[in-house]
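**Q** Below: one structure in structure tokens.
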Amino acid sequence: MDKQKFKTRTKQLALRVIRLVNALPPGQTAEFMGKRLLRSATSIGAKYRAACHCEATLHLVAKLRIVEEKADESLYWMELLIESELMPAEQLKSLMSETNEILAMTVASITSLTETPKSKV
């Protein structure tokens with residue numbers, strides 16, 4: 001996937017999470033988890049945009065590892081919303097699937113950037 005498409009996907013993810021957090025039921029617990037989900041999910045796209053400007057592979061990998069961390073953290077908060085019964089699993093299924101795809105693509109990018117070339121015998 002090219003950079004622009006991935007930027008768009010991560011921004012769309014953030015917008016979906018914004019709508020989700022706005023739809024959470026009132027209460028301290030939902031507000032607490034919603035803020036953390038909002039912070040982590042919006043960081044995915046922001047950190048990816050920063051990674052796009054890295055010139056050195058080492059810096060690029062470091063930024064992508066933050067993207068990985070924030071995607072995984074977002075999944076954690078979504079799981080808690082479901083398991084605490086603040087949000088039905090069916091309502092988060094698509095959002096979690098998209099987050100998992102973004103996470104998998106990020107991990108694949110990190111892996112390909114950090115693999116050492118195999119010597120030919």
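**Q** Return the residues of the stretch 1-11 that are in a helix (DSSP H, G or I) and in contact with a helix residue (DSSP H, G or I) (Cβ under 8 Å, 6 or more places away or on another chain); say none if nothing qualifies.
**A** Within the stretch 1-11, F6, K7, R9, T10, K11 qualify.
**Q** Pairs needed: first member in the stretch 13-40, polar (S, T, N, Q); second member anywhere, surrounded by fewer than 14 Cβ atoms within 10 Å (Cβ to Cβ); C-beta distance under 8 Å; at least 6 residues apart or different chains.
**A** So the pair list comes out as T29/S84.
**Q** It is to be established whether one or more residues within the stretch 16-34 are closer than 23 Å to T114 by Cβ, open to solvent by 90 Å² or more (accessible area, probe 1.4 Å) and assigned to a helix (DSSP H, G or I).
**A** No: zero hits.
**Q** Restricting attention to the stretch 77-90, which residues are surrounded by fewer than 17 Cβ atoms within 10 Å (Cβ to Cβ), touching a residue at least 24 places away in the same chain (Cβ under 8 Å) and in a helix (DSSP H, G or I)?
**A** Listed by number, the list holds a single entry, L80.
**Q** Looking only at the stretch 36-61, which residues are open to solvent by 50 Å² or more (accessible area, probe 1.4 Å) and of a type in the set (A, V, I, L, M, F, W, C)?
**A** L38, A46, L58
**Q** Is there any pair linking a residue in the stretch 91-112 that is acidic (D, E) to one that is surrounded by fewer than 17 Cβ atoms within 10 Å (Cβ to Cβ), with Cβ under 9 Å and at least six apart or on different chains, and which?
**A** Within 9 Å, the pairs are E98/Q12; E98/R16.
The values are calculated or read from the model by the stated rules, or taken from the named source; none is laboratory data. The model shown is predicted, which means the values in this text are computed figures rather than measured ones. Methodologically, a virtual Cβ is constructed for each residue, glycine included, from the backbone with ideal geometry; neighbour enumeration extends over all protein chains shown. These accessible areas exclude ligands, DNA and RNA; they are computed on the full protein's heavy atoms, side chains included. Shrake-Rupley method; radii C 1.70, N 1.55, O 1.52, S 1.80 Å.
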